[in-house]
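The values are calculated or read from the model by the stated rules, or taken from the named source; none is laboratory data. Values in this document were obtained by computation on a predicted structure and should not be read as measured data. Every residue, glycine as well, gets a Cβ built from its backbone with ideal geometry; the counts of neighbours run over all protein chains shown.
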Amino acid sequence: MNEQQPAPFIQRQPPPQGYLSWSDYWKAQGMPWRTEPEVESERRAYLAARRAVTPDIEHGIYPFRDESGSIKLTRADVEWLLATHEDGRFIGPVDWSDKKQRVRQGLDMRGCDLAEVDLSYLPLARLRGAFAADELQEMPRRERYLAVAHLERANLFGAHLEFSELARVRLQGADLTQAWLSGANLFASHLEGVNFTNARMDGVNLRNAYLSDSVYLFGAVVGSAEYGGFLVADVRWGGVNLATANWDSVSMLGDELVVRQSSFLAGVKKRRYVTLSKVERAVRANRQLAIELRTQGLNERADYFAYRAQVLQRQVLRRQSRLGRTLGSWLLDLIAGYGYKPIRSVITYLLVILSFAAAYFALTNFAITTFLPSHSSPLAWYEAIVLSISSFHGRGLFPSGLSLGDPVAILAAFEAIIGLLIEITFIATFTQRFFAR
């Protein structure tokens, strides 16, 4: 332990007179999340002095990390820091339910040691436990990791961690049951053994994170209308059971949301230029997740994300100015949904048959024959449908007395070509989907 750091008060003080517990006392003070006794005056002075330390990134010095290493904090320490946290015109922790406070900075806990500490139900929104993504550019690896907070096996049950900066943070074995993680950045974090049961994970950045088969996602909400789905490009899934997560809440992965709409910080949307690499990353995220879901037998979920990947790949082709392939991809989507939406093929088939049947009926029955004279006899509506079906499939069942130069015959030949192209598209898309499995 650092020689300058007074040891935290261990003996539990009795609650103030008139209160059965410290929890009752803090509730009366309007801080229901506090449960521990007030820290001693000497400890308060030390915490206040450490909080005032100016970070020295080159030497790995932060408010709660010095030359000798990470400073160990207790729950009582964190509660006092939250209660006295001042940022702008607000005092106290970031209240995520108050939209005016969502742009505030939370506690700066970079480099501190909170391993195995009970932090359950604490309001830790916008917690700063690491560098933000835009700060990591061109930063040496050593300096990145010196800023990482230690939360191994910490109890974060029900804690509020909305939009917290936790990239590369060590969370192995932590309990995040029912935690509020919406929009939190867990990029490249070690999450082996973490319990996310019933946690809110909408908009969470899990890119490059490390998971394992001991991670629990039972009932975890991984998407919402407000923050979108979680971001999962290049996640090391490690055999985590994905079947237990709440997938009904996900209409679009966060990787795709960044491409299709805009980025957002603390719920405030901000337009930005979307590069080709971001689109390719969204394609990769959907494909990787689809593969992982399929290996676990979740084929319907996998098909959904595989289809999203194909739609995004079309945008990649367009940005690469590969217009022919872009058009072909669009047609595959329109006609068959890349094989993942067979109902589109049925609809396309019926539209083509009925459209050409209407044209045959009009050519042989109405005034249009004044401009396009036909030598064929008038067709009944059902005969026009039969002619359309036979022409679509290239059967060539023309009415008697019809010459090859007749407008009806020319139209039938055109329908046969369209039918052939649709059949080829249908077979190609479903074959591609079969082999993708």
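Annotations
- Contacts under 8 angstrom Cβ, first residue in the range 292-317 being under 16 Å from residue 250 (Cβ atoms), partner β-branched (Val, Ile, Thr) and assigned to a helix (DSSP H, G or I), 6 or more apart: 302/291; 309/283; 312/259; 312/279; 312/283
- Matching residues in the range 316-330 - criterion: being part of a helix (DSSP H, G or I) and of a type in the set (Gly, Ala, Ser): 324, 328, 329
- Test result for residue 265, over 24 Å from residue 318 (Cα atoms) and at pLDDT 95 or above: no
- Matching residues, the range 131-164, being acidic (Asp, Glu) and modelled with pLDDT under 90: 134, 135, 138, 143
- Scan of the range 22-70 for residues that are within 11 Å of residue 111 (Cβ to Cβ), loosely packed, with under 15 Cβ neighbours inside 10 Å and either among the hydrophobic types (A, V, I, L, M, F, W, C) or touching a Cys at 6+ places or on another chain (Cβ under 6 Å) (or both), ordered by number: 53
- Just so you know, in the range 214-229 the residues that are assigned to a loop (DSSP other than H, G, I, E, B) and aromatic (Phe, Trp, Tyr) include one that is modelled with the lowest pLDDT, and it is 227.
- If you check 194, 232, 258 for being at pLDDT 95 or above, touching a strand residue (DSSP E or B) at 6+ places or on another chain (Cβ under 8 Å), under 28 Å from residue 145 (Cα atoms) and not acidic (Asp, Glu), only one passes: 194.
- Of all residues in the range 178-213, those that are in a loop (DSSP other than H, G, I, E, B), free of Cβ contacts under 8 Å to residues at least 24 places away in the same chain and of a type in the set (S, T, N, Q) total 4.
- Matching option when the condition is touching a Ser or Thr at 6+ places or on another chain (Cβ under 9 Å), at pLDDT 95 or above and under 29 Å from residue 243 (Cα atoms), among 125, 167: 125
- When each of 229, 238 is tested for being touching an Asp or Glu at 6+ places or on another chain (Cβ under 8 Å) and under 16 Å from residue 172 (Cα atoms), the lone residue that passes is 238.
- Each residue in the range 143-175 was checked for being touching a Lys or Arg at 6+ places or on another chain (Cβ under 7 Å), within 22 Å of residue 101 (Cβ to Cβ) and not in a loop (DSSP other than H, G, I, E, B), and 1 of them qualify.
- You will find that of 224, 189, 214, 251, the residue that is hydroxyl-bearing (Ser, Thr, Tyr), crowded, with 24+ Cβ neighbours inside 10 Å and assigned by TED's automatic domain parsing to the domain that holds residue 148 is 189 and no other.
- Residue in the range 314-323 that is under 18 Å from residue 237 (Cβ atoms), within 23 Å of the chain's Cα centre (by Cα) and either acidic (Asp, Glu) or not assigned by TED's automatic domain parsing to the domain that holds residue 253 (or both) present: no
- Among the residues making up the range 333-347, those that are part of a helix (DSSP H, G or I) and either crowded, with 17+ Cβ neighbours inside 10 Å or of a type in the set (S, T, N, Q) (or both) are 333, 335, 336, 337, 338, 339, 344, 345.
- Residue in the range 279-297 that is under 28 Å from residue 242 (Cβ atoms), at pLDDT below 90 and under 26 Å from the mean Cα position of the chain (by Cα) present: no
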